[in-house]
Amino acid sequence: MKKAKCITIDASLVTEAEKAAARLGTTFSALVEEALRRLLRQPEAWRGVEERLASIEALLRQCLQREAQSRGPSSRSQEPTPQLGGNAWVEILRRRG
């Protein structure tokens, strides 16, 4: 029995993958499974992903620091503004500190 897992993928990527699957004469699910298998067999591919994620985290952290500095010391005691609330990356960075 196969187990299923639900993931979120950008709609434009799904469309592109569906077209590629049709060209290759396979299903979308089979195409995604094969792509993941190939990626997992190549450890060097993960290094690039990890480096990009670390770079994105650093940029987000810099933006948050600049935003905090621009508000001044009196506003640090206030709750975070809703403009960044709900963004998963921002929430992760706030928790990491």
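Read-outs: derived from the displayed coordinates by stated rules, not from any lab. Just so you know, these numbers come straight off a predicted model, no measurement behind them. Positions of Cβ are generated from backbone atoms using ideal geometry, with glycine treated the same way; all protein chains shown enter the neighbour counts.
Do any trypsin sites (Lys or Arg not before Pro) in the range 17-60 lie in a DSSP loop with no more than 11 other beta carbon atoms within 10 Å, and if so, which?
Passing both the DSSP loop test and the Cβ count: 41.
Tell me, in nm to one decimal, what length is gained between residue 55 and residue 13 on full extension, where the rule is 0.36 nm per residue of separation less the Cα-Cα distance?
That works out to 12.9 nm of additional length.
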